[in-house]
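First the structure, in the form of structure tokens, and then the observations on it.
The values are calculated or read from the model by the stated rules, or taken from the named source; none is laboratory data. It should be emphasised that the depicted structure is a prediction, and the values quoted were computed from it without experimental measurement. With ideal geometry, Cβ positions are generated from the backbone for all residues, glycine too; neighbour counts draw on all protein chains shown. We work out accessible area using only protein heavy atoms, side chains counted, and drop any ligands, DNA or RNA first. Shrake-Rupley method; radii C 1.70, N 1.55, O 1.52, S 1.80 Å.
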Amino acid sequence: MAKTSLLRPLAVAAAGAVLVATGALPAAAAGQDTTAATAPDLAGVRAALQATVSAGAPGAFAVIRDHDGGDRTRSVNVGLADLDGTPMNSSWRFRVGSNSKMFTAVLVMQLAQEGRIDLDRPLRDYLPAGTLPEGWTMTGRQVLEHRAGIFDHTNDLLEQAGEETTSAFEARIRSTVYDPRELVAMSVKHGLQYTPGTRYSYSNTDFVLMGLAVEHLTGQPFPEVLNERIIQPLGLRRTSFVVPDQAIRGAHVTGYLTNDDRTKPLLNSTEQNGSWVWAAGAVISTAEDLDRFLTALTAGDDGGLVSTASLQQMTAALPTPTAKISYGLGLRRISLSCGDVYGHGGIVQGFNSQSFTTPDGRRSVVVFANASNNGSVTQGLMNTLEPAFCGKQPTVAPRTAFAPASAPASAPVDPLPVVEDTRI
């Protein structure tokens, strides 16, 4: 198999968020960055987290870490880790949802570096026979970019007309164990959605397919590959992929599913087997481990996960229909008022998170809330990123005789849009 060509250099992304000093790996050199030089607006972060709780989450947290020498960490906790009254704890484990896609993308890039997959050849060449129809020629690169035209199978598993989200969860998500090939088959029956490469459409099935490719090319189960190539080498002691086990071992935040009928109580959705999203969203981790992973990833050659050339491909993000949001190979780019940040978000039943870093790795942020299926909760988390990365907005200067009436005044930055990590 030919090695993937390194055709898309772009700015190199950098490190993630952590809770305690852990001897972080060096961050990759990158383009100009202005965010880490500005102190985070902790009052603004707290206000956004409080709004997240007011919108329906029992609790929320933000962990902001500066990697410019002192490894300074700031944690803001609001509300409860569970409805029994336990205060939120930003060091505990949680389901990271679609942040898992970054892990899967790294495994694929490692195999590309080894010449075991060419990202510009049809992905079906690297899957078990019959996984995709004969005429489906989308490449691995298009699948990683969500530009492959593949229907998202989770649309068949989540909300249905006239049915409550909690009913769908109990009927098809919590305890039902799916084979990943079964998930792909759900998607394939809908047919190709558009010509591959012509548009962007987020699909969890894309990363189920990449997980199947990892298994096919290595001859090992996906959890074993993840453990051998990422978890063990980086010492991610509180990161795991335990499908089909339902429990989160060790100290963890309790996740709650929001009823469509807001008059009904939140449903404890912590125990679920995760097979319904598999390689697209079933990783369990902590803010500290996400930082260690992102720091290694965005250090490129020096980080031990992927080469700098592979990282450049991953961060070569293309626009999406959502303002300020672009997507690369398993990495999302968000354009803030002070510059771009790279990472991903994750929404999985009961758990809601965003993990991002500046291009030079000098500042990283992980934010989390323990409720899902509530767009206002997700919006609240998105609203933490501006104050966390960019600090306080400039004060509007008073007009004087020397300032014409038409001169633009500083104004609050528009809120970031909610991003579709699963259908909400």
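Below is a table of values for the structure above.
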| quantity | calculated |
| --- | --- |
| Region 81-235, dipole about Cα centre (Lys/Arg Cβ +1, Asp/Glu Cβ -1), debye to the nearest 20 | 360 |
| Extreme residue, positive dipole direction of region 221-372, given options PRO223, ASN273, SER353 (C-beta unit charges) | SER353 |
| Region 208-238: trypsin sites (Lys or Arg not before Pro) in DSSP loop, at most 14 other beta carbons within 10 Å | ARG237 |
| Inter-part distance where region 92-114 and region 208-270 are each reduced to a Cα centre, Å | 11 |
| Accessible area per residue in Å² at 1.4 Å probe, computed on region 124-276 | 41 |
| Karplus-derived HN-Hα couplings along region 44-53 (A = 6.51, B = -1.76, C = 1.60, θ = phi - 60°), whole Hz, x at Gly and Pro | x, 4, 4, 5, 5, 5, 5, 5, 4, 5 |
| Computed accessible area, TYR126, all protein chains, 1.4 angstrom probe, square angstrom | 10 |
| Region 257-367: relative contact order in percent, alpha carbon pairs under 8 Å with at least 6 residues between | 15 |
| Whole-percent carbon and sulfur share, accessible surface of region 163-221, 1.4 Å | 47 |
